[in-house]
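Data block below; observations after.
What follows draws every value from the coordinates through simple rules; no lab data is involved. Just so it is clear, the structure is predicted and the values come from calculations on it, not from any experiment. Virtual Cβ from ideal backbone geometry, glycine too; neighbours counted across all protein chains shown.
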Amino acid sequence: MKKMTVVLGVVAAFGISAVASDTLIDKAKQAGLKPIPEKRSELYKLIDNPKNPITDEKVELGKKLYFDPRLSKSGLISCNTCHNLATGGVDGVDAATGHKWTANPHHLNSPTVYNAVFFDKQFWDGRSPDLEDQAQGPIQATPEMAATKEHVEQVVRSIPEYMKAFKHAYNDPKFVPTFKDVADVIAVFERTLVTPSRYDEYLNGCEKALTAEEKEGLKIFIDKGCASCHNGVALGGTMQPFPVAGKYKYANVGDFKGDKNGMVKTPTLRNILETRPYYHNGAVWDIEEAIKIMGETQLGVKISDAEAKKIKAFFGALTGKKPYVRYPMLPASTEKTPKPDLD
């Protein structure tokens with residue numbers, strides 16, 4: 001089996017050799033901001049799971065299953081429905097909507113799948129430690145794909161092309177995929193969805209990668225304390241208390257209160273201008289309003305309109321280059337494939 005060669009070419013395109021003298025780069029790194037590594041070997045160390053190694057075969061199989069709506073009870077919903085790779089890795093609605101047109105009962109917004117591999121925890125309440133575990137949840141959740149483990153296994157095992165692909169991916173002619181194996185290969189595909197940006201070029205040493213306005217926005221972002229939660233490679237992805245300094249003005253939208261300790265996963269800021277609406281409950285559609293609310297709610301500081309505009313300008317530099325994902329042609333169902341169930 002070949003180790004991962006797909007997708008990572010996107011990172012190579014951003015290789016930088018210049019040495020920057022810009023002190024803001026040092027300030028950003030001191031604040032805990034980290035770029036996506038330039039070198040493939042370094043990136044691989046961050047995104048690979050030794051318990052579920054990335055290979056080209058798993059990536060291709062996981063991609064097909066990511067797009068396959070037959071894994072859902074209705075036969076209509078795939079992972080890509082809520083995490084649409086063509087629209088920033090999200091669905092663009094305030095509350096995730098799934099089986100029988102059911103909105104999430106807690107009014108939770110679908111977070112982006114892009115760069116999720118860099119998160120410390122998955123789900124808004126952080127209940128999953130990694131993408132492999134997370135991938136099992138939405139498939140079984142009643143208001144999402146509403147399938148059972150048995151349904152997923154029946155779908156995959158009923159399609160000869162999938163059986164052949166699993167045997168090839170795991171180098172075992174007798175391999176019979178389980179529900180966990182399906183989630184594992186989907187997770188492998190998701191691990192490759194990284195989006196290096198001009199921001200990464202800048203932190204990797206190219207001081208010309210950002211405009212003067214973007215640099216000013218980055219400085220304000222750091223000085224206001226935004227980087228205290230939105231840091232690391234993911235610019236988020238850790239569990240933080242919410243709210244901290246003030247009341248969240250849209251707290252009445254949904255009933256989500258975080259985990260048992262009131263901790264909420266900090267969303268990534270990568271591609272943030274493509275992933276509205278914002279916050280866990282999708283209550284804010286304007287990024288500048290979201291920035292100002294965050295200042296009041298989490299930091300206890302006032303962010304002016306002018307400052308919010310400059311931070312927004314910096315956010316533009318976080319829009320990354322997406323890996324090319326060709327929509328897969330899925331293998332045909334057979335007479336043994338479970339029929340769609342809309343009930």
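What are the residues whose amide H is under 5 Å from the amide H of M263, where those residues sit 5 or more places off or on another chain and H is modelled from the backbone?
Those qualifying (amide H under 5 Å, at least 5 residues apart or on another chain) number zero.
Kindly provide the helix-only [θ] at 222 nm of the chain, computed as the sum of -39,500 (n - 2.57) over DSSP H runs of four or more divided by all residues, to the nearest 500 deg cm²/dmol?
Details: 13 runs with 116 residues, N = 343.
Taken over the chain, the calculation gives -9500 deg cm²/dmol.
Would you pull out the residues with amide H under 5 Å of S74's amide H, same chain only if 5 or more places away, H placed 1.01 Å from N?
Correct list: D341.
Dipole of the range 192-296, Cα-centred, from +1 at each Lys and Arg C-beta and -1 at each Asp and Glu C-beta, to the nearest 20 debye? Don't jump to the answer; show the numbers that get you there.
On the way: 13 positive and 14 negative charges, 72 e Å.
Its charge dipole is roughly 340 debye.
Do the alpha carbons of any pairs in K58/K149; K265/K322; K45/K224; K224/K247; K39/K265; K208/K302 sit beyond 25 Å of each other, and which pairs? Can you show the working numbers first?
On the way: K58/K149 20 Å; K265/K322 23 Å; K45/K224 32 Å; K224/K247 18 Å; K39/K265 28 Å; K208/K302 30 Å.
As for pairs spanning more than 25 Å Cα to Cα, those are K45/K224; K39/K265; K208/K302.
Note down the magnitude of the dipole of the range 47-191 about its Cα centre, charges +1 on Lys and Arg C-beta and -1 on Asp and Glu C-beta and zero elsewhere, to the nearest 20 debye.
On the way: 16 positive and 20 negative charges, 81 e Å.
Here the range 47-191 has a charge dipole of around 380 debye.
Taking the Cα centre of the chain as the origin, how large is its charge dipole in debye, to the nearest 20, when only Lys and Arg (+1) and Asp and Glu (-1) carry charge on their Cβ atoms?
On the way: 46 positive and 43 negative charges, 75 e Å.
With only Lys, Arg, Asp and Glu charged at Cβ, the dipole is about 360 debye.
What angle do you read, to the nearest 10 degrees and between 0 and 90, between the alpha-carbon axis of helix 305-316 and the longest principal axis of the chain?
40
Using the Karplus curve 6.51 cos²θ - 1.76 cosθ + 1.60 with θ = phi - 60°, work out ³J(HN,Hα) for each residue of the range 111-126 in order, rounded to whole Hz, and write x for Gly and Pro.
Result, ordered by residue: x, 5, 8, 5, 6, 5, 4, 8, 6, 6, 9, 10, 6, 4, 9, x Hz.
How large is the Kirkwood hydrodynamic radius of the range 47-191, in angstrom, based on all distinct alpha carbon pairs? Please list the in-between numbers first.
Working: mean 1/r = 0.0653 Å⁻¹.
That comes to 15.3 Å for the range 47-191.
Which one of G232, N281, L342 has its Cα pushed farthest toward the positive end of the charge dipole of the range 187-343, where Lys and Arg give +1 and Asp and Glu give -1 at the Cβ?
The Cα lying farthest towards the positive end belongs to G232.
Take the Cα atoms of the range 96-146, find their three principal axes, and give me the spread along each one in whole Å, biggest first.
32, 18, 17
Got a sec? How would E42, E288 order by Cβ neighbour count within 10 Å, fewest to most?
Values: E42 11, E288 16.
Fewest-to-most ranking of E42, E288: E42, E288.
Among 127-135, 240-248, what's the highest-first ranking by average C-beta atoms within 10 angstrom per residue? Please list the in-between numbers first.
Details: 127-135: 18.4, 240-248: 15.1.
Result, highest mean Cβ count within 10 Å first: 127-135, 240-248.
Which option, [x] 19.3, 64; [y] 20.6, 65; [z] 21.6, 69, is the value of Rg and Dmax of the Cα atoms in Å that was calculated from these coordinates?
Of the labelled values, this structure produces [y].
Taking the dipole about the Cα centre of the chain, with the C-beta of Lys and Arg at +1 and of Asp and Glu at -1, give me whichever of Y162, I293, S304 is farthest to the positive side.
It is Y162.
Calculate one ³J(HN,Hα) per residue across the range 245-260 by plugging θ = phi - 60° into the Karplus curve 6.51 cos²θ - 1.76 cosθ + 1.60, and present them in order as whole Hz with x for glycine and proline.
For the range 245-260, the Karplus-derived couplings read 9, x, 6, 6, 5, 10, 5, 7, 8, x, 10, 6, 10, x, 7, 4 Hz, x marking Gly and Pro.
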